[in-house]
Amino acid sequence: MARSEIEGRAAFDHIRYAQLWEDADILTRALGAVTGRTLVSICSAGDNALAMLTLDPARVVVVDLSAAQIACLKLRIAACQTLSHAEFLELMGARPSARRKALLARASEALDPDTRAFWSAQAEDVASHGAGGVGKFERYFRIFRRWCLPLVHSRATRAAIFTPRDRAGRQAFFDTRFDTWRWRLLLKVFFSRFVMGRMGRDKAFFDHVEGSPAEHVARRIHHAAVETDPSQNPYLHWIITGTHGDALPMAWRAEHYAQIRARCDRIEIRPGSLEAFIETGEKAHGFNLSDIFEYMSEPVFAQVYARILSAAAPGARLVYWNMMAPRRVPAPLSAQVTRLRALEDALKAQDKAFFYSDFVVEETVG
């Protein structure tokens, strides 16, 4: 079986991301018209693979190196099949709840024995934080929210960031009340490469990044707080408050719940690397590649990209994010794809998952 470069340098035996920190709204728009087609998605926590079902594909093939991340998707599918939408939100942690253990037990009845045992071992954490709050990345933000942020901003200031304002009002609020010297110092320390590597992302994920993570986060928070509307941002809501407020990620919204439930049988889960899928000889019409290229050296990235093209049908779209490692189609392969610049720019301006510096949409020629 093909082996990913990152597989030998990072641990995949625990939940790294218990929810998706990439915006499915722009992902689904980027993939375009794919009714009746085959899509491929990196699993992560599974939310974006579920959101892709709203495009009415024939199937969504989901791959991931991590059994723990695949368990997140399996729980979501089981919860969709057994719980009401309101109960699903409680279980995930988007809404307060005193009955998450009972909801987890009900959803777990639809799981295979190994996945049921996995989630049984997480029951206490799920009860406290929701199934969407039990990952390493979510714990990192919980520390930030509980112990660090109150030293910098009052409860009133933290709540006020979610007051709807026009852009000028958001800029004024950010400049006069939020972007203080204490805030800038907190970002510099908490989002340093050292702290993020130990408490947030696996340190191996920074092997190929350029620049300061703290400076990058500061720029992206300005984008989230000023260029877009924080009151509509589920990711910022979770970081600051620990729930999603009135904003929800696409796959968790009421208007999509019944549709996703009806199409869950179109999900094909295949544990392993993306490279392993490519070896099957199958063709896909759209790829949600998350930010996997971020973790690859440039030579390996070029090799993997070429292999993805070999599994792409004519007109297939490759959609992916970059945080700090710049990745786009390798120059020797540029004649085989078209960069959809106008679509990229429009969607990047709307991206609510504000950590990423770039959003890439490339379409195969033919």
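Can you name the residue in region 258-271 that is in a helix (DSSP H, G or I) and of a type in the set (A, V, I, L, M) and is also farthest from Ala58 (Cα to Cα) among such residues? Break it down into steps so the answer makes sense when it comes.
Our first condition is that a residue be in a helix (DSSP H, G or I); within region 258-271, this holds for 258-266.
Subset that is of a type in the set (A, V, I, L, M): 258, 260, 262.
Values: Ala258: 17, Ile260: 13, Ala262: 13 Å.
The extreme case among them is Ala258.
Could you pull out the residue among Glu362, Glu275 that is touching a residue at least 60 places away in the same chain (Cβ under 8 Å) and farther than 30 Å from Ile240 by Cβ?
Glu275
Can you run down the residue pairs with Cβ atoms below 7 Å, 6 or more apart or on separate chains, where the first is in region 115-128 and among the acidic types (Asp, Glu) and the partner is in a loop (DSSP other than H, G, I, E, B) and surrounded by 12 or more Cβ atoms within 10 Å (Cβ to Cβ)?
Close Cβ pairs satisfying both conditions: Asp125/Val134.
Of the residues Asn288, Asn322, only one is within 18 Å of the chain's Cα centre (by Cα) and touching a residue at least 40 places away in the same chain (Cβ under 8 Å); which? Walk me through how you get there before you give the answer.
Values: Asn322 fails: touching a residue at least 40 places away in the same chain (Cβ under 8 Å).
Being within 18 Å of the chain's Cα centre (by Cα) and touching a residue at least 40 places away in the same chain (Cβ under 8 Å) holds for just one of Asn288, Asn322, which is Asn288.
Among the candidates Arg146, Arg142, Arg158, Arg184, which residue alone is over 30 Å from Ala325 (Cβ atoms), of a type in the set (Lys, Arg) and surrounded by 11 or more Cβ atoms within 10 Å (Cβ to Cβ)? Write out each step before concluding.
Details: Arg146 fails: surrounded by 11 or more Cβ atoms within 10 Å (Cβ to Cβ); Arg142 fails: over 30 Å from Ala325 (Cβ atoms); Arg184 fails: over 30 Å from Ala325 (Cβ atoms).
Result: Arg158 is the single residue among Arg146, Arg142, Arg158, Arg184 that is over 30 Å from Ala325 (Cβ atoms), of a type in the set (Lys, Arg) and surrounded by 11 or more Cβ atoms within 10 Å (Cβ to Cβ).
Are any of the residues in region 236-257 farther than 30 Å from Arg155 by Cα, in contact (Cβ under 8 Å) with a residue 12 or more places away in the chain and out of contact with any strand residue (DSSP E or B) (no Cβ under 6 Å at 6 or more places or on another chain)? So that I can check it myself, show each step before the final result.
If we filter region 236-257 for residues that are farther than 30 Å from Arg155 by Cα, which is where we start, we get 255-257.
Narrowing further to those that are in contact (Cβ under 8 Å) with a residue 12 or more places away in the chain: 256-257.
Among the residues that remain, those that are also out of contact with any strand residue (DSSP E or B) (no Cβ under 6 Å at 6 or more places or on another chain) are: 256-257.
The answer is yes, given that some residue of region 236-257 is farther than 30 Å from Arg155 by Cα, in contact (Cβ under 8 Å) with a residue 12 or more places away in the chain and out of contact with any strand residue (DSSP E or B) (no Cβ under 6 Å at 6 or more places or on another chain).
Considering only region 176-195, I want to know if a residue exists there that is among the acidic types (Asp, Glu) and at pLDDT 95 or above.
Of all residues in region 176-195, those among the acidic types (Asp, Glu) come to 179.
Filter once more, keeping what is at pLDDT 95 or above: 179.
Yes, the conditions are met somewhere in region 176-195.
Please report, ordered by residue number, the helices (runs of 4 or more DSSP H) entirely within region 7-121 with at least 2 residues that are closer than 28 Å to Ser310 by Cβ and more than 13 Å from the chain's Cα centre (by Cα).
Details: elements: 24-31, 47-51, 67-82, 85-92, 100-108, 113-120.
Output list reads 24-31, 67-82.
Restricting the search to region 15-46, which residues are of a type in the set (Asp, Glu) and buried (at least 24 other Cβ atoms within 10 Å of the Cβ)?
Initially, region 15-46 is screened for residues of a type in the set (Asp, Glu), giving 22-23, 25.
If the condition is that a residue be of a type in the set (Asp, Glu) and buried (at least 24 other Cβ atoms within 10 Å of the Cβ), then Glu22, Asp23 are the ones that fit.
Can you pull out the residues in region 122-143 that are in contact with a helix residue (DSSP H, G or I) (Cβ under 6 Å, 6 or more places away or on another chain) and part of a helix (DSSP H, G or I)? Before the answer, list the steps.
Step one: filter region 122-143 for residues in contact with a helix residue (DSSP H, G or I) (Cβ under 6 Å, 6 or more places away or on another chain), giving 123, 126-127, 130-132, 134, 137, 140-141.
Hits for region 122-143 are Ala123, Val126, Ala127, Ala131, Gly132, Phe137, Tyr140, Phe141.
Within region 224-257, how many residues turn out to be buried (at least 18 other Cβ atoms within 10 Å of the Cβ), in a helix (DSSP H, G or I) and of a type outside the set (Val, Ile, Thr)?
The total comes to 13.
Arg341 passes all but one of (1) closer than 29 Å to Pro230 by Cβ; (2) in contact (Cβ under 8 Å) with a residue 24 or more places away in the chain; (3) of a type in the set (Lys, Arg); which number fails?
It fails just one condition, (2).
The values are calculated or read from the model by the stated rules, or taken from the named source; none is laboratory data. Keep in mind the model is a prediction, meaning the values are calculated, not measured. For neighbour counting, all protein chains shown are included, and Cβ atoms are generated from backbone atoms with ideal geometry for every residue, glycine included.
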